[in-house]
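Here is the structure we will look at.
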Amino acid sequence: MPRPDTRRSEDAAAARAGGILTIDLDAAACNYRRLCKELAVVPCAAVVKADAYGLGVGRLAPAFAAAGARAFFVGPVDEGIELDGVLAAAGRADAEIYVLNGVLPGTEPDFRTHRLIPVLNSLACVERWRAAASAAGQPLPAALHVDTGMSRLGLPDDEVGVLAAEPGRLDGIDVRLIVSHLACAEEPDNPLNAEQLTRFRAALAQLPEAPACLANSSGIFLGPDYHFDLARGGVALYGVNPTPERPNPMRQVVRLQGRILQVREIDPSRTVGYGATHRAAGRTRIATIGVGYADGYMRALSNRGHAVIEGRQVPVVGRVSMDSLTLDVTELPEATVRPGGFVDLIGPDHDVDALAEEAGTIGYEILTALGHRYHRVYVGS
Ligand SMILES: *Cc1c(COP(=O)(O)O)cnc(C)c1O
């Protein structure tokens with residue numbers, strides 16, 4: 001039975017929104033299966049940190065679980081706690097949840113209560129988890145992270161050496177996974193990829209036997225040498241191109257439509273927006289859209305970004321404001337640009353990567369910056 005009241009309030013919310021963010025769960029699931037196909041027999045974990053790259057972990061994680069994901073990675077422990085609830089509600093309490101940021105002092109009980117698996121990033125972290133296992137009187141699961149070239153998180157070479165020389169430091173720790181992270185995976189010709197591979201193999205040889213996990217989205221496309229026993233697919237699941245030098249093998253997950261608030265003609269030599277950074281060359285039609293930098297439409301897109309109306313690109317002119325942006329729609333027939341209508345800010349003809357390029361950033365940042373004022377619509381199962 002349709003629920004007319006729900007329907008009506010949904011429609012009302014859509015009618016009020018300055019922008020509509022449509023997230024295609026089928027496309028995301030399809031992207032998960034695409035990574036699995038690339039990996040052949042190696043399983044793929046789903047990286048859902050930062051609220052599934054801004055798209056909503058409550059909807060995306062169950063979609064990946066239904067598509068076959070049995071392991072998930074989050075950033076901080078709070079995200080793990082949230083994901084535990086999401087997966088339990090979806091009947092997927094058996095999935096593994098790895099916490100990339102490791103175990104901070106005092107958070108050990110959270111890991112046990114929510115069956116989270118810490119990624120141990122230093123000897124101090126290893127010691128903390130060993131003590132937790134000792135206090136629990138039972139082995140506790142963990143992943144070990146070795147740093148092979150990021151110099152960010154993970155055990156540096158000397159700490160790997162200490163673990164190799166003093167294996168007792170891992171007493172009570174059930175090492176489920178040994179991970180490392182690639183710095184330049186989206187550049188297949190970068191020599192650092194092969195160097196990291198060599199360093200990772202050397203570290204594995206020194207550590208207890210455990211499944212190994214190296215590749216992120218782009219790493220998956222570097223070929224089977226990088227696949228090991230588990231991959232960690234992130235941004236590609238959400239439609240960003242993991243192979244920037246080649247056509248995008250992933251499906252677009254996001255469509256962002258901005259509402260047309262006003263359309264006006266301005267006289268030649270009038271300026272547009274803060275700082276008067278754009279001056280009309282002739283009579284110009286300006287459409288004002290109800291999306292601004294507070295919604296994650298970055299100010300860097302001022303005078304650089306493009307939107308699409310009925311398949312035609314129109315430029316952002318003037319500075320992006322907090323709640324609005326302005327487009328030069330002079331070239332479009334009047335009937336196609338009407339207040340109340342929509343333009344595509346991200347869509348089939350202008351994808352996340354294209355917008356990121358215009359903003360001088362990466363698709364990751366565009367997605368995770370998407371604000372909370374949009375009316376969100378999830379389509380697909
Ligand atoms: C974010 C992250 C990933 C996922 O990377 P993508 O490039 O989004 O696929 C994998 N591993 C680690 C350690 C990460 O921080």
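The values are calculated or read from the model by the stated rules, or taken from the named source; none is laboratory data. Please read all numbers here as calculations on a predicted model, not as lab measurements. So basically every Cβ, Gly included, is an ideal-geometry build from the backbone, and we count neighbours across all protein chains shown. SASA here: full protein model, heavy atoms, side chains in, ligands and nucleic acids out. Shrake-Rupley method; radii C 1.70, N 1.55, O 1.52, S 1.80 Å.
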1/(1 + (r/R0)^6) with r = Cβ-Cβ of ALA300 and ARG373, R0 = 22 Å, i.e. FRET efficiency to nearest 0.05, evaluates to 0.70
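With every protein chain present, what is the per residue accessible area of segment 53-99 (1.4 Å probe, Å²)?
I get 32 Å² per residue for segment 53-99.
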Binned at 10 Å from 0, what are the whole-percent values of the Cα-Cα distance distribution for segment 263-381, short to long?
-> 13, 45, 33, 7, 1, 0
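Can you give the accessible area per residue of segment 223-345, in Å², using a 1.4 Å probe?
Values: 5570 Å² over 123 residues.
Normalised by residue count, the accessible surface of segment 223-345 is 45 Å².
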Once both labels are modelled 7 Å past Cα along the beta-carbon direction, what's the SER134-THR113 spacing in nm?
-> 2.5
Return the single residue from ARG319, ARG255, ARG152 with maximal mean-square fluctuation; model: Gaussian network over the chain, springs between Cα atoms under 10 Å.
-> ARG152
Between ASP171 and ASP225, what FRET efficiency follows from the Cβ-Cβ distance if R0 is 30 Å, with the result rounded to 0.05?
-> 0.35
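Can you give the FRET efficiency for GLU310 and ALA88, using 1/(1 + (r/R0)^6), R0 = 51 Å, r = Cβ-Cβ distance, to the nearest 0.05? Write out the running numbers ahead of the final one.
Numbers: r = 45 Å, r/R0 = 0.87.
FRET efficiency, GLU310 to ALA88: 0.70.
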Starting at 0 and stepping by 10 Å, how many percent of the alpha carbon pairs of segment 70-190 end up in each bin?
-> 14, 43, 31, 11, 1
Fraction of accessible area attributable to carbon and sulfur, segment 325-381 (%, probe 1.4 Å) = 52
By the Cα gyration tensor axes a ≥ b ≥ c (a/c under 1.5 gives rounded; else a/b larger than b/c gives prolate, otherwise oblate), the shape of the chain is prolate
Within segment 141-175, find all residues whose amide N lies under 14 Å from a label point positioned 7 Å from the Cα of THR198 along Cα-to-beta-carbon.
-> 149
